[in-house]
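All of the numbers you see were taken from the coordinates with simple rules; none came from a lab. What you see is a predicted model; the values in this text were computed from it and never measured. As a convention, Cβ positions derive from the backbone with ideal geometry for all residues, glycine included, and neighbour counts pool all protein chains shown.
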Amino acid sequence: MRAMEASTRKWLYLIILSLVWGSSFILIKKALLGLSPLQLGALRTLMAAAFLLLAGYSTLKKIPKRLWKWIVISGFLGTFFPAFLFAFAETEINSAVASMLNSTTPIMALIFGGLVFGIPFTRNQFLGVIIGLVGTSLLIYLGAELNPGKNYWYAGLVLIASICYAFNVNIIKRHLQEVPALAIAAGNFIVLIIPAFGVLVGTGFFSETTFQHDQLVPSLGYIALLALVGTGVAKVLFNRLVQISSPVFATSVTYMIPMVAVLWGVLDGEQFGVGQLIAAGVILSGVYLANK
């Protein structure tokens, strides 16, 4: 009975995360209208930190001292660096394309799980990795063809973010299994407050010029939604999902994220070709095979 409840819960978490994170890419795009990528990443981190520390400050005492180093590493890899990488990437590539490239996360989890954490590969998983990487290359190439005015080298930033996520899920599964999900999230963000605030100050955010921007208020609204729901609540759900399932199952949330993100992108008038849909299908086929 308990196993059935856990199975139902992990699928429920997966669906909620897909809807929330699938909407994150369009929120990033909209927030960039009034903020720089560095300001966006810093504000997203600080707002999420405020929310999570209010909700989970009391859980910090549940983190053993010997595990704090993994909390710090998890915070930077799973939250801090990706927040900036996605913001910079979406200055040049469509939000829908960014979401599809993000679907390589399970493949990265397998690659680096094997190389760094000693998790063995099966033949199907190896083949899935190859197919997924071919689809990724095809998606980037077709995107550059369809949008010649965009710099598709920025797609590499999404792939770096996927690698960060891959390391993070393996760290949570290997080293933080005994720590409550809310405590992991609160611990992640308490160590990110100072660096995020430092970045924000360094961008000149508190200058008069920033507050005169006519898109600042809407952008702050998008960031607040992204931070509180897309980062804060989702972070806790994802940490718990990793604990009750596996790194590969947890990262398979990226199957459904592109569907939500593409819908938002199309509604927002983004150019998206049939070839790119086929390339995305190739990536997801590789992820499916790797999971299988």
Check your understanding: Under the Karplus relation 6.51 cos²θ - 1.76 cosθ + 1.60, θ = phi - 60°, what is the ordered set of whole-Hz ³J(HN,Hα) values for region 93-100, x standing for Gly and Pro?
Key -> 10, 5, 4, 5, 5, 4, 5, 5
Check your understanding: Taking the simple approach of a point 7 Å from Cα along Cα-to-Cβ for both Q271 and A144, what is their distance in nm?
Key -> 1.6 nm
Review point. If you average the sequence gap of Cα pairs under 8 Å that are 6 or more apart and divide by the length of the chain, what percent do you get for the contact order?
Key: 41 percent
Point to revise | Stokes-Einstein translational diffusion, region 13-291 - Kirkwood Rh over all Cα pairs, 0.692 mPa s, 37 °C, in µm²/s | key: 175 µm²/s
Practice item. Provide the per-residue ³J(HN,Hα) series for region 221-233, in order, calculated from phi with Karplus coefficients 6.51, -1.76, 1.60 and θ = phi - 60°, each as a whole number of Hz, with x at glycine and proline positions. Key: x, 4, 5, 4, 5, 4, 6, 6, 9, x, 10, x, 5
Practice item. Taking the convex hull of the Cα atoms, report for region 70-214 its projected area averaged over all directions, in nm². Key: 11.0 nm²
**Study point:** Structure-based [θ]222 nm, the chain - -39500 (n - 2.57) summed over DSSP H runs of at least 4, per residue, nearest 500
**Key:** -23000 deg cm²/dmol
**Study point:** aspartates and glutamates with Cα under 15 Å of K69, excluding same-chain neighbours fewer than 8 positions away
**Key:** E178
Check your understanding: Cross-link list K173/K235; K10/K30; K61/K235; K10/K235: which exceed 24 angstrom alpha carbon to alpha carbon?
Key -> K10/K30
Review point. Taking the Cα-to-Cβ direction at L60 and at F126 and moving 7 Å from each Cα, how far apart do the two end points lie in nm?
Key: 4.7 nm
Revision key, fill the gap. Per the C-alpha gyration tensor (a ≥ b ≥ c, the square roots of its eigenvalues), region 1-79 is rounded if a/c is under 1.5, else prolate if a/b beats b/c, else oblate; here it's oblate
Exercise for review: Compare the Cα positions of V217, G269, W21 along the charge dipole of the chain (+1 at Cβ of Lys, Arg; -1 at Cβ of Asp, Glu; about the Cα centre) and return the one farthest towards the positive end.
Suggested key: W21
Check your understanding: Which listed residue (G34, A50, G198) has the Cα farthest towards the positive end of the charge dipole for the chain, taking +1 on Lys and Arg C-beta and -1 on Asp and Glu C-beta about the Cα centre?
Key -> A50
